[in-house]
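Trainee: I am attaching a structure below and will ask some questions about it afterwards.
The values are calculated or read from the model by the stated rules, or taken from the named source; none is laboratory data. Every value quoted in this text rests on a predicted model; they were computed, and no experiment measured them. Quick reminder, even Gly has a Cβ in these numbers, built from the backbone with ideal geometry, and neighbours come from all protein chains shown.
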Amino acid sequence: MGQQAEPSLEILRRFVKEREPAERCELCAEGIAPHPHHEHLLEPEERQLMCSCTACALLFPVEAQKRFRRVPRRLWSLTDFVMTDSMWDSLAIPVKMAFLLTSAPSGELHAYYPSPAGATESLLTLEGWGELLEANSTLSSLLPDVEALLINRVGDRRDYFIAPIDRCYELVGLLRVHWRGLSGGTEVWARVGGFFDELRGAARSKPAQGLVRA
């Protein structure tokens, strides 16, 4: 029986490359699963997200005031959420999607909406936020910096979530990559609908008028 030939160096290189993790922890360089199946850390001062393995993420608790904060994995679909058209209009956000969060460093409320240019901060007044809090008491459970109220009122959709900040920026990236022309094109809006359908399927339900602990 003839001796079996060893694989060429080029084949071995392709073999290794195909099996290398697509993403790595930005702290220790350990291979991690693709988003959204890995952890993220947030640097609040710079609003910078970093990909992380679970071991590194556990070093930075969600509520700890350190350089980095662990982004929570919990995702809530808010049932019985109260937001009338006039309440939405009072937020003065120019598009029908937005995410709202509070900042621990400044204590201020910030509103962002996805656009072809990325996450755009609304510089208009948010006078309706107090009314929204009063109508939906569960919003007081939002964790500063790392969680947001994610709103989708495009077309007939009325989607409201308490979502990790990395999922909000995932939506921003989706629009930025797939937007075409002045209106975005049919593909991007189909992807946006699919994104919110996926969120709803993955989320746990949470009453909007009551506090429910994770």
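Trainee: Of all residues in the range 121-147 being in contact with a Pro (Cβ under 8 Å, 6 or more places away or on another chain) and not in a loop (DSSP other than H, G, I, E, B), which is nearest to ALA208 (Cα to Cα)?
Mentor: Filtering the range 121-147 for residues that are in contact with a Pro (Cβ under 8 Å, 6 or more places away or on another chain) and not in a loop (DSSP other than H, G, I, E, B), the one nearest to ALA208 (Cα to Cα) comes out as THR138.
Trainee: I would also like to ask the following. Considering only residues that are of a type in the set (Asp, Glu) and over 20 Å from the mean Cα position of the chain (by Cα), look in the range 156-213 and name the one that is surrounded by the fewest Cβ atoms within 10 Å (Cβ to Cβ).
Mentor: ASP156
Trainee: If PHE99 satisfies every condition in (1) more than 27 Å from SER205 (Cβ to Cβ); (2) crowded, with 20+ Cβ neighbours inside 10 Å; (3) touching a Leu at 6+ places or on another chain (Cβ under 6 Å) but one, which is the exception?
Mentor: Result: PHE99 passes all but (1).
Trainee: Is the range 50-65 home to any residue that is within 28 Å of VAL188 (Cβ to Cβ), assigned by TED's automatic domain parsing to the domain that holds GLY31 and part of a strand (DSSP E or B)?
Mentor: yes
Trainee: Further question on the same structure: Only one of (1) under 26 Å from VAL177 (Cα atoms); (2) surrounded by 13 or more Cβ atoms within 10 Å (Cβ to Cβ); (3) modelled with pLDDT under 90 fails for ALA104. Which number is that?
Mentor: Unmet for ALA104, out of (1) under 26 Å from VAL177 (Cα atoms); (2) surrounded by 13 or more Cβ atoms within 10 Å (Cβ to Cβ); (3) modelled with pLDDT under 90: (1).
Trainee: Ok, one more. Here are the criteria: (1) small (Gly, Ala, Ser); (2) closer than 26 Å to CYS51 by Cα; (3) modelled with pLDDT of 90 or more. Tell me which single one SER137 does not satisfy.
Mentor: Tallying (1) small (Gly, Ala, Ser); (2) closer than 26 Å to CYS51 by Cα; (3) modelled with pLDDT of 90 or more, SER137 fails exactly one: (2).
Trainee: Could I ask something else about it? Check THR84 against each of (1) surrounded by fewer than 20 Cβ atoms within 10 Å (Cβ to Cβ); (2) touching a Phe, Trp or Tyr at 6+ places or on another chain (Cβ under 9 Å); (3) closer than 25 Å to LEU139 by Cβ; (4) at pLDDT 85 or above and name the one condition it does not meet.
Mentor: So the condition that THR84 fails would be (2).
Trainee: Okay, next question. Of the residues GLU131, GLU187, which single one is of a type in the set (Asp, Glu), over 22 Å from MET50 (Cβ atoms) and at pLDDT below 90?
Mentor: GLU131
Trainee: Residue under question is CYS51, and the condition is that it be modelled with pLDDT of 80 or more, touching a Cys at 6+ places or on another chain (Cβ under 8 Å) and exposed (fewer than 13 other Cβ atoms within 10 Å of the Cβ); does it hold?
Mentor: Against the criterion (modelled with pLDDT of 80 or more, touching a Cys at 6+ places or on another chain (Cβ under 8 Å) and exposed (fewer than 13 other Cβ atoms within 10 Å of the Cβ)), CYS51 does not qualify.
Trainee: Now for a different question. Out of SER90, SER77, which single residue is among the hydroxyl-bearing types (Ser, Thr, Tyr), touching a Lys or Arg at 6+ places or on another chain (Cβ under 8 Å) and in contact (Cβ under 8 Å) with a residue 12 or more places away in the chain?
Mentor: Exactly one of SER90, SER77 is among the hydroxyl-bearing types (Ser, Thr, Tyr), touching a Lys or Arg at 6+ places or on another chain (Cβ under 8 Å) and in contact (Cβ under 8 Å) with a residue 12 or more places away in the chain, namely SER77.
Trainee: Scan (1) surrounded by 17 or more Cβ atoms within 10 Å (Cβ to Cβ); (2) touching a Ser or Thr at 6+ places or on another chain (Cβ under 7 Å) for the single condition TRP129 breaks and write down its number.
Mentor: So TRP129 meets the others, but not (2).
Trainee: Starting from the range 29-53, keep only residues that are hydroxyl-bearing (Ser, Thr, Tyr), then list their pairs with residues that are assigned to a loop (DSSP other than H, G, I, E, B) and surrounded by 19 or more Cβ atoms within 10 Å (Cβ to Cβ) whose Cβ atoms are within a distance under 8 Å, requiring at least 6 positions of separation or different chains.
Mentor: Once the first residue is hydroxyl-bearing (Ser, Thr, Tyr) and sits in the range 29-53, its partners that are assigned to a loop (DSSP other than H, G, I, E, B) and surrounded by 19 or more Cβ atoms within 10 Å (Cβ to Cβ) give SER52/CYS25; SER52/HIS38.
Trainee: Let me ask something else about it. For the range 100-138: of the residues being aliphatic (A, V, I, L, M) and free of Cβ contacts under 8 Å to residues at least 40 places away in the same chain, which is nearest to ASP89 (Cα to Cα)?
Mentor: My answer is LEU126.
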